Amino acid sequence: MWNVEGSAFWVNNELQAYVDEATTISFANPDGAEDGALVLKPVSRPGFVTPTGRVTDFVSGRINTRDKFDVTYGRIAARIRMPDAVGVWPAFWMLGYGQWPDAGEIDIMEYVGVAGWTAVAMHGPGYSGNTPLVQRQDFPTGTDATDWHEYAVERDADSVTFFVDDREIYRVTRADVERHGPWRFDRTEYLILNFALGGTYPNAVNGITSPYYGMPQETADKIMRGEVAMEVDWVRVWSPS
């Protein structure tokens, strides 16, 4: 059901190149997972050259269900645990077919290495990039992104509602979207799980430009020691009924 992205893909001034390797995409049995987990893991690879000639110090993993599994309406959820590492950018999201941003994008969970919060967003024509349709959520006292949490979205014909551990954190209606541009969430989208490093969003939050754009040396050191990974216990989809 899943496809693996290759190293020619690059967006958002991110640091990594995506590769199809067991070092970056694997399965394991971490504590707290129900029956094993997918592990997306950035790896130090100084001087790695992509097919387009870009040189990077890191490789990582990204998978999607494009042309294999699509969703229009229903509930889409994943149980995920993140690392404590400033400037990482793992995400769970959905993307429509066609040219971005007209295709429509729903970010069910984005994390930039600040353990106390995650964010959600919606992108489309007139509300892309630094979109006005974005919301951070703070974890309750006693927990953070390094614990297991369920991140979910529910889609119907006129709204998109986001949840963390069944707690509603943000609801966007068709009317909300149409203040900025056309509604693009009445069409099928596919699922994406990826582990990016640095780039535009982390930099906008942490302001770090050196030694890496959006990521400090401390995180690079953690990656070199093999301490950074995104663990995905499961991904599940329910029909509207």
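DSSP loop chymotrypsin sites (Phe, Trp or Tyr not before Pro) in segment 45-84 with at most 12 other Cβ atoms within 10 Å of their Cβ, which ones?
Working: sites: Phe48, Phe58, Phe69, Tyr73; in loops: Phe69, Tyr73.
Answer by residue number: there is no such site.
With only Lys, Arg, Asp and Glu charged, each at its Cβ (+1 for the first two, -1 for the last two), find how big the charge dipole of the chain is about the Cα centre; round to the nearest 20 debye.
In total the dipole reaches around 500 debye.
Just the number, please: percent antiparallel of the DSSP beta bridges in segment 3-238, rounded to the nearest 5.
If we restrict to bridges inside segment 3-238, about 95 percent are antiparallel.
Restricting things to alpha carbons, find the Rg to Rh ratio for segment 155-241 using the Kirkwood radius for Rh.
Result for segment 155-241 is an Rg/Rh of 1.08.
How far is it, in nm, from the label point at Ala8 to the one at Val237 when both lie 7 Å from their Cα along the line to the Cβ?
Reported label-point gap for Ala8 and Val237 is 2.6 nm.
Starting at 0 and stepping by 5 Å, how many percent of the alpha carbon pairs of segment 84-173 end up in each bin?
Taking every Cα pair in segment 84-173, the percentages come to 3, 13, 24, 25, 18, 11, 5, 1, 0.
DSSP loop (so not H, G, I, E, B), at most 16 other Cβ within 10 Å: list which trypsin sites (Lys or Arg not before Pro) in segment 156-241 pass both filters.
Those that pass, being in a loop and sparsely packed, are Arg179, Arg187, Arg225.
With a Förster radius of 41 Å, plug the Cβ-Cβ distance of Asp31 and Thr52 into 1/(1 + (r/R0)^6) and report the FRET value to the nearest 0.05. List each step's numbers first, then the result.
Values: r = 39 Å, r/R0 = 0.96.
For R0 = 41 Å, the calculated efficiency reads 0.55.
Can you give the calculated 222 nm mean residue ellipticity of the chain, where each DSSP H run of n ≥ 4 adds -39,500 (n - 2.57) and the sum is split over every residue, rounded to the nearest 500 deg cm²/dmol? Could you put the intermediate results ahead of the total?
Values: 3 runs with 19 residues, N = 241.
Calculated from helices alone, the mean residue ellipticity at 222 nm is -2000 deg cm²/dmol.
So what's the net charge close to Gly32: Lys and Arg +1, Asp and Glu -1, counting the other residues with Cβ under 10 Å from its Cβ?
Its environment carries a net charge of -3.
³J(HN,Hα) across segment 58-75 via Karplus (A = 6.51, B = -1.76, C = 1.60, θ = phi - 60°), whole Hz, x for Gly/Pro?
9, 10, 7, x, 8, 10, 8, 10, 3, 6, 10, 8, 10, 9, 10, 10, x, 10
For the chain, which span is the longest to avoid every loop-located (per DSSP) member of GluC sites (Glu not before Pro) having at most 13 other Cβ atoms inside 10 Å?
Maximal segment without exposed cleavage sites: 35-177.
Explain nothing, just compute: Karplus ³J(HN,Hα) = 6.51 cos²θ - 1.76 cosθ + 1.60, θ = phi - 60°, for every residue of segment 195-203 in order, whole Hz, x for Gly and Pro.
Rounded to whole hertz, the list is 10, 8, 10, x, x, 4, 5, x, 4.
How would you classify segment 40-89 from its alpha-carbon gyration tensor, with a ≥ b ≥ c the square roots of the eigenvalues: rounded for a/c under 1.5, else prolate if a/b is greater than b/c, otherwise oblate?
oblate
When only DSSP loop residues count, what trypsin sites (Lys or Arg not before Pro) in segment 75-164 have their Cβ near at most 15 other Cβ atoms within 10 Å?
none
Which net charge results for the neighbourhood of Trp100, defined as the other residues with beta-carbon distances under 14 angstrom from its beta-carbon, given Lys and Arg at +1 and Asp and Glu at -1?
Around Trp100, the surrounding residues sum to -1.
For Cα extents along the principal axes in Å, which listed value, [x] 47, 39, 35; [y] 65, 40, 29; [z] 43, 36, 31, comes from the coordinates shown?
Identified label for the calculated read-out: [x].
Values in this text are rule-based calculations from the coordinates and carry no lab data. These figures come from a predicted structure and were not determined experimentally. Don't worry about glycine lacking a Cβ; one is built from the backbone with ideal geometry, like all the others, and counts go over all protein chains shown.
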